[in-house]
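Below is one structure, written out as structure tokens; the observations come after it.
The values are calculated or read from the model by the stated rules, or taken from the named source; none is laboratory data. Values in this document were obtained by computation on a predicted structure and should not be read as measured data. Cβ sites come from the backbone with ideal geometry, for glycine too, and all protein chains shown count toward neighbours. The area values use the complete protein model at the heavy-atom level, side chains included, leaving out ligands, DNA and RNA. Shrake-Rupley method; radii C 1.70, N 1.55, O 1.52, S 1.80 Å.
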Amino acid sequence: LTFNTVRMESDRMVVIRNVAEGQLILLDPSKPTQPVRKQVAAEAAVMNPVSSVVALQTGHSLQLFNMETQAQVKQVQVMEPVVLMSWISQRTLGIVTETAV
């Protein structure tokens, strides 16, 4: 397990990327025997600390996906590869590239 494959933005959800099987595993620490598995080929994933929205990054593409409704909320293309992304508030995803924040 590495920082690139496991993220914990709050005590509500752990996000694990199973790179070998192309899976995103969402693990609620209060229900450790009931992980949610989704087929996703994302390079990075981070769960919103308050809602059921997960941010997925693949190349220059960022997607926000609501896990409850199974619907894409937003998709954007960024000009540079994303180095780091993190939720900085309930509604704002912070993005860091090599030259910008």
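The one condition from (1) hydrophobic (A, V, I, L, M, F, W, C); (2) open to solvent by 60 Å² or more (accessible area, probe 1.4 Å); (3) within 10 Å of the chain's Cα centre (by Cα) that Val53 does not meet is (2). State yes or no: is Leu64 in a strand (DSSP E or B) and open to solvent by less than 50 Å² (accessible area, probe 1.4 Å)? Yes: the conditions hold for Leu64. Among the residues of the range 48-59, those that are among the β-branched types (Val, Ile, Thr) and either outside any loop (DSSP other than H, G, I, E, B) or in contact with a His (Cβ under 8 Å, 6 or more places away or on another chain) (or both) comprise Val53, Val54, Thr58. If you filter the range 23-44 down to residues that are in a strand (DSSP E or B) and open to solvent by 90 Å² or more (accessible area, probe 1.4 Å), you find that the one that is farthest from Val6 (Cα to Cα) is Gln39. For Thr69, the stated conditions do not hold, so it cannot be described as over 20 Å from Asp28 (Cβ atoms), polar (S, T, N, Q) and open to solvent by 40 Å² or more (accessible area, probe 1.4 Å). Basic (Lys, Arg), open to solvent by 50 Å² or more (accessible area, probe 1.4 Å), free of Cβ contacts under 8 Å to residues at least 12 places away in the same chain and out of contact with any Asp or Glu (no Cβ under 7 Å at 6 or more places or on another chain): is that true of Arg91 in this structure? Against the criterion (basic (Lys, Arg), open to solvent by 50 Å² or more (accessible area, probe 1.4 Å), free of Cβ contacts under 8 Å to residues at least 12 places away in the same chain and out of contact with any Asp or Glu (no Cβ under 7 Å at 6 or more places or on another chain)), Arg91 qualifies. Only one entry in Thr33, Thr69, Thr5, Thr58 is among the β-branched types (Val, Ile, Thr), free of Cβ contacts under 8 Å to residues at least 60 places away in the same chain and in contact with a helix residue (DSSP H, G or I) (Cβ under 8 Å, 6 or more places away or on another chain), namely Thr5.
Listed here are the residues, each with its yes/no results for (1) at pLDDT below 90; (2) touching a Ser or Thr at 6+ places or on another chain (Cβ under 7 Å); (3) part of a loop (DSSP other than H, G, I, E, B); (4) open to solvent by 90 Å² or more (accessible area, probe 1.4 Å).
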{"position": "Leu1", "(1), (2), (3), (4)": "yes, no, yes, yes"}
{"position": "Arg12", "(1), (2), (3), (4)": "yes, no, yes, no"}
{"position": "Ala20", "(1), (2), (3), (4)": "yes, no, no, yes"}
{"position": "Val46", "(1), (2), (3), (4)": "no, yes, no, no"}
{"position": "Val76", "(1), (2), (3), (4)": "no, no, no, no"}
{"position": "Met79", "(1), (2), (3), (4)": "no, no, yes, yes"}
{"position": "Ala100", "(1), (2), (3), (4)": "yes, no, yes, no"}
